[in-house]
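Trainee: Once you've had a glance at the structure underneath, I'll fire off some questions.
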């Protein structure tokens, strides 16, 4: 039997190697159009970044080694350009010489892989725009980063690099370009796409000293994960100096200054850069199959059965080009992952060699590392289950990677999706620092085995303080989900907000310090220790919605209230940590960013304290929220104003909590530096009058300065023309000076925002009376003095026109165009019978709390 394999990387080499192990006498020919075979394409970014220093380590096999060990005829640099199914031959072409010839087969296996997406955009063929799929791509990118065009790298002497014209690999045995320390190449790069490859490239370019910006058309990075899993990773990337452009995409490329390229984004942003990496996904390479008349699946991949056989019984296919069944979701899917590709190749080989082996499904288990943070998933995501119309329940937990008292751990997020009737696991996602991959693998195994969340409770997993906990994170998420199924716990979720809290008392059971940092609007702070006494006077029929930091304290509160006869009680799944990630709530993110530097820069830049001489190095690692804040509060209380603390915190959420805590208590954040999974925060006690200079000359924000922005708040109470004019003149001036501006219109001032001709609607007699006597819109307001039955008002408008002063409607329109926030008082609307449709477009509705919230952030408030 003669077996011909098209494609010599993951799936293709698995087919050839397994076929040889099953049939010693088969003739096996492998065609690979590139110049390298059986290479580790998942390792390519790490050679560019210098983590894998020797290029040769990526070459797992060569044609010679495969011939010697497996008697395979591997032909690199040879492309199969057509298939004659009747004659059972393929047409092959040598890519260097152009020579063509026919090769017969008894069984043909297609493993052509997938091609990187290269959108048809202006300038897409500029040499600075690269993809990373093969060894040649890696060599070209690395040469640009190294600043060594045509550099010699270690590999096979004299070999040509595919995809990099004229570049030579390994002219001298063992020669190696120093990929870690050389800084003679590019200084800036744009990565298009925030999937796994995009993030790995961003990390490795950053590690080479390249400034990186990521562009992603979705509203989150790592689109295969659910939204709340990726927000902490986005913050982590920003903390390391990587800029993110989300919800936009590349629109065009053009030549810039010198060797640069100008990247135009669809949101009209322009970026000058030295290098663009296209990592916007891949498409299955199906051209050969289509030309041969093989059937494709609904998603555009090659259609195969469970034996990996195509619509032609003599042709098999495997890898990134094929569609396979999903373990959880209906239909067939394109899931380009190395592990499934290798297993599919093995199944195809066994069936080619006469065995009856079935490929069941792919569940899509994948994981990615960015610096020290790790995230991944298995099975279906919440987005996919919703799209497929499949019922599910979800729970989120935030355990530590190992015992909290043992150094080196951090809080992770574990999310499990399961069938609401049986508890069968449908999907799982994990994000954090230590121990993420092992929890993900356990959950992937449980999903593959058809286990339920009840089974997660009983799994016996390895434990010692450096590795886990007596109740492993996998057990913990099983406990929570099982409690829900048994009726011991009722949850509300971040995605249900605000509907889940409407008509309910929102009870925050955290401590007052945590509550003051940030809490849900309308929430009451009833610390868990006070709950049993406080609930005595509560109405048991009123719905109660509980929450805490990560869900544990509110679970205890839930059990207490449920057993005391409260009829409608629910607790927030995953607590505030999940809520803030899902809604991307960053209450402590100040408009002017905190001075986040690299750790090395931080160590060099931070001088010895020069205030009172008191400097405390505080270890808060291993403490979960609110532990770091509580320990800081306790320690800083023993210090004098001007004294400083350098706090080491392993909680990634500290980036959000620290500035808010400092602002509330009047302390300064001098520097907030990424350190392992968390941060090193340099904090000075006290409340200086304004901003101070932090380490290395960076701006440090005091509590007062952090809370008060360059922002002006107006209450427009008057409905008289001259006073409303003054309000809008001031507002337009403030926004022109770069300030944020909000204007709250109450009582008679609200008339300035009414439409001249509002839409017809039913009105009560009282509403009609008010409408008849009150001015309808900015054009009908009167002067406060010298109105003279309207004559003075007309005279004022003429003088304004003669002096080219904008009219009030024009001032209102220019204010809105400049971003001034106009808020109508809902109480006034009720009293005066004004409906939302009676107001001009763009007016928000709010109450006293809205104004007070704006005023609290402002450095100027005006009552007119």
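The values are calculated or read from the model by the stated rules, or taken from the named source; none is laboratory data. All of these numbers come straight from a predicted model, not from anything done at the bench. As a convention, Cβ positions derive from the backbone with ideal geometry for all residues, glycine included, and neighbour counts pool all protein chains shown.
Trainee: From the list 203, 213, pick out the single residue that is in a helix (DSSP H, G or I) and either crowded, with 23+ Cβ neighbours inside 10 Å or at pLDDT 95 or above (or both).
Mentor: On the way: 213 fails: in a helix (DSSP H, G or I).
After ruling out the rest, the residue left standing is 203.
Trainee: Could you figure out which of (1) assigned to a helix (DSSP H, G or I); (2) in contact with a helix residue (DSSP H, G or I) (Cβ under 9 Å, 6 or more places away or on another chain); (3) buried (at least 22 other Cβ atoms within 10 Å of the Cβ) isn't true of residue 531?
Mentor: The failed condition is (3).
Trainee: Within the range 537-575, which residues are over 24 Å from residue 417 (Cβ atoms) and assigned to a strand (DSSP E or B)?
Mentor: Passing the criteria: only 544.
Trainee: Looking only at residues that are in a loop (DSSP other than H, G, I, E, B) and at pLDDT 95 or above in the range 8-32, which one is nearest to residue 102 (Cα to Cα)?
Mentor: The residue in question is 26.
Trainee: May I ask you to list the residues in the range 311-324 that are in contact with a strand residue (DSSP E or B) (Cβ under 6 Å, 6 or more places away or on another chain) and without any contact (Cβ under 8 Å) to a residue 40 or more places away in the chain?
Mentor: Of everything in the range 311-324, those that are in contact with a strand residue (DSSP E or B) (Cβ under 6 Å, 6 or more places away or on another chain) and without any contact (Cβ under 8 Å) to a residue 40 or more places away in the chain turn out to be 322, 323, 324.
Trainee: Still on this structure, please answer the following. For the range 413-432, give me each residue that is touching a helix residue (DSSP H, G or I) at 6+ places or on another chain (Cβ under 6 Å) and either surrounded by fewer than 24 Cβ atoms within 10 Å (Cβ to Cβ) or modelled with pLDDT under 95 (or both).
Mentor: Residue satisfying the conditions is 423 alone.
Trainee: Something else: Is it true that some residue in the range 386-406 is farther than 16 Å from residue 493 by Cβ and under 17 Å from the mean Cα position of the chain (by Cα)?
Mentor: Initial filter on the range 386-406 (farther than 16 Å from residue 493 by Cβ): 387-390, 399-406.
So of that shortlist, the ones also under 17 Å from the mean Cα position of the chain (by Cα) come out as none.
So far as the range 386-406 goes, no, none of its residues is farther than 16 Å from residue 493 by Cβ and under 17 Å from the mean Cα position of the chain (by Cα).
Trainee: Sticking with this structure for a sec: Select from the range 433-456 the residues that are on the phi > 0 side of the Ramachandran plot and touching a helix residue (DSSP H, G or I) at 6+ places or on another chain (Cβ under 9 Å) and list them in ascending order. First the steps, then the outcome.
Mentor: Pass one, the range 433-456, residues on the phi > 0 side of the Ramachandran plot: 435, 450.
435 - this is the single residue of the range 433-456 that is on the phi > 0 side of the Ramachandran plot and touching a helix residue (DSSP H, G or I) at 6+ places or on another chain (Cβ under 9 Å).
Trainee: Now, a different point. So for the range 716-730 (the condition being over 27 Å from residue 785 (Cβ atoms), surrounded by fewer than 23 Cβ atoms within 10 Å (Cβ to Cβ) and modelled with pLDDT of 50 or more), does at least one residue qualify? Give the steps one after another, and end with the answer.
Mentor: If we filter the range 716-730 for residues that are over 27 Å from residue 785 (Cβ atoms), which is where we start, we get none.
No - not one qualifying residue is present in the range 716-730.
Trainee: Consider the range 298-309. How many of its residues are assigned to a strand (DSSP E or B) and either touching a helix residue (DSSP H, G or I) at 6+ places or on another chain (Cβ under 6 Å) or assigned by TED's automatic domain parsing to the domain that holds residue 443 (or both)?
Mentor: First pass over the range 298-309, keeping only residues assigned to a strand (DSSP E or B): 302-303, 309.
Those left that are additionally either touching a helix residue (DSSP H, G or I) at 6+ places or on another chain (Cβ under 6 Å) or assigned by TED's automatic domain parsing to the domain that holds residue 443 (or both): 302.
Selection size over the range 298-309: 1.
Trainee: Can I ask one more? Hey, among the residues in the range 35-68 that are outside any helix (DSSP H, G or I) and touching a strand residue (DSSP E or B) at 6+ places or on another chain (Cβ under 7 Å), which one's surrounded by the fewest Cβ atoms within 10 Å (Cβ to Cβ)? If you could, list the steps in order and put the result at the bottom.
Mentor: Initial filter on the range 35-68 (outside any helix (DSSP H, G or I)): 35-40, 49-54, 59-62.
Filter again for touching a strand residue (DSSP E or B) at 6+ places or on another chain (Cβ under 7 Å), leaving 35-37, 39, 59-60.
Numbers: 35: 19, 36: 27, 37: 27, 39: 22, 59: 18, 60: 15.
Among those that are outside any helix (DSSP H, G or I) and touching a strand residue (DSSP E or B) at 6+ places or on another chain (Cβ under 7 Å), it is 60.
Trainee: Name the residue, out of 569, 509, 526, that is at pLDDT 95 or above, over 27 Å from residue 227 (Cα atoms), in contact with a helix residue (DSSP H, G or I) (Cβ under 6 Å, 6 or more places away or on another chain) and surrounded by 15 or more Cβ atoms within 10 Å (Cβ to Cβ). Explain how you work it out, then say what you get.
Mentor: Working: 569 fails: over 27 Å from residue 227 (Cα atoms); 509 fails: over 27 Å from residue 227 (Cα atoms).
Selected residue: 526, the only one of 569, 509, 526 that is at pLDDT 95 or above, over 27 Å from residue 227 (Cα atoms), in contact with a helix residue (DSSP H, G or I) (Cβ under 6 Å, 6 or more places away or on another chain) and surrounded by 15 or more Cβ atoms within 10 Å (Cβ to Cβ).
Trainee: Being at pLDDT 85 or above and assigned to a helix (DSSP H, G or I) is the filter; apply it to the range 634-661 and report the residue that is surrounded by the most Cβ atoms within 10 Å (Cβ to Cβ).
Mentor: Checked the range 634-661; the qualifying residue surrounded by the most Cβ atoms within 10 Å (Cβ to Cβ) is 636.
Trainee: Taking the conditions exactly as written (in a helix (DSSP H, G or I), over 19 Å from residue 754 (Cα atoms) and touching a residue at least 24 places away in the same chain (Cβ under 8 Å)), does residue 796 satisfy them or not?
Mentor: Details: in a helix (DSSP H, G or I): yes; over 19 Å from residue 754 (Cα atoms): yes; touching a residue at least 24 places away in the same chain (Cβ under 8 Å): yes.
Judged against the criteria, residue 796 is a match.
Trainee: Right, here's the next one. Mind telling me which of the residues 258, 300, 281 ends up being at pLDDT 95 or above and at positive phi? If you could, list the steps in order and put the result at the bottom.
Mentor: Values: 258 fails: at pLDDT 95 or above; 281 fails: at pLDDT 95 or above.
After applying the criteria, what remains is 300.
Trainee: Give me the residue from the range 816-835 that is surrounded by fewer than 22 Cβ atoms within 10 Å (Cβ to Cβ) and part of a loop (DSSP other than H, G, I, E, B) and, out of that set, nearest to the chain's Cα centre (by Cα).
Mentor: So, considering only residues that are surrounded by fewer than 22 Cβ atoms within 10 Å (Cβ to Cβ) and part of a loop (DSSP other than H, G, I, E, B), the one nearest to the chain's Cα centre (by Cα) is 819.
Matching residues to (1) surrounded by fewer than 23 Cβ atoms within 10 Å (Cβ to Cβ); (2) under 16 Å from residue 811 (Cβ atoms); (3) under 33 Å from the mean Cα position of the chain (by Cα):
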{"position": "710", "(1), (2), (3)": "yes, no, yes"}
{"position": "732", "(1), (2), (3)": "yes, yes, no"}
{"position": "740", "(1), (2), (3)": "yes, no, yes"}
{"position": "752", "(1), (2), (3)": "no, yes, no"}
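Trainee: Quick one: residue 82 ticks every box in (1) modelled with pLDDT of 95 or more; (2) surrounded by fewer than 18 Cβ atoms within 10 Å (Cβ to Cβ); (3) part of a loop (DSSP other than H, G, I, E, B) bar one, so which box is it?
Mentor: (3)
Trainee: Taking the range 496-517 on its own, how many of its residues are touching a residue at least 24 places away in the same chain (Cβ under 8 Å) and part of a loop (DSSP other than H, G, I, E, B)? Give the steps one after another, and end with the answer.
Mentor: In the first step, residues of the range 496-517 are kept if they are touching a residue at least 24 places away in the same chain (Cβ under 8 Å); the result is 497, 500-501, 503-511, 513-514, 516-517.
Remaining after also requiring part of a loop (DSSP other than H, G, I, E, B): 497, 503-504, 509-511.
Qualifying residue count for the region: 6.
Trainee: If I filter the range 310-331 down to residues being surrounded by 19 or more Cβ atoms within 10 Å (Cβ to Cβ) and outside any loop (DSSP other than H, G, I, E, B), which single residue comes out as nearest to the chain's Cα centre (by Cα)? Let's see the steps before the verdict.
Mentor: The first filter runs over the range 310-331 and keeps only residues surrounded by 19 or more Cβ atoms within 10 Å (Cβ to Cβ), leaving 310, 315-324, 326-329.
Next, from what is left, pick out any that are outside any loop (DSSP other than H, G, I, E, B): 315-317, 322-324, 326.
Working: 315: 41, 316: 38, 317: 34, 322: 28, 323: 27, 324: 27, 326: 24 Å.
Restricting to residues being surrounded by 19 or more Cβ atoms within 10 Å (Cβ to Cβ) and outside any loop (DSSP other than H, G, I, E, B), the top hit is 326.
Trainee: In the list 311, 366, which residue meets the criterion of being at pLDDT 95 or above and within 22 Å of residue 203 (Cβ to Cβ)?
Mentor: Details: 311 fails: within 22 Å of residue 203 (Cβ to Cβ).
Only one candidate qualifies: 366.
Trainee: Run residue 557 past the list (1) surrounded by fewer than 23 Cβ atoms within 10 Å (Cβ to Cβ); (2) under 23 Å from residue 499 (Cβ atoms) and report the number of the one that doesn't hold.
Mentor: Checking residue 557 against (1) surrounded by fewer than 23 Cβ atoms within 10 Å (Cβ to Cβ); (2) under 23 Å from residue 499 (Cβ atoms), the one that fails is (1).
Trainee: Going by what's in this entry, would residue 293 be described as modelled with pLDDT of 95 or more, buried (at least 18 other Cβ atoms within 10 Å of the Cβ) and farther than 22 Å from residue 205 by Cα? Spell out the reasoning first.
Mentor: Numbers: modelled with pLDDT of 95 or more: yes; buried (at least 18 other Cβ atoms within 10 Å of the Cβ): no; farther than 22 Å from residue 205 by Cα: yes.
So residue 293 does not fit the description; no.
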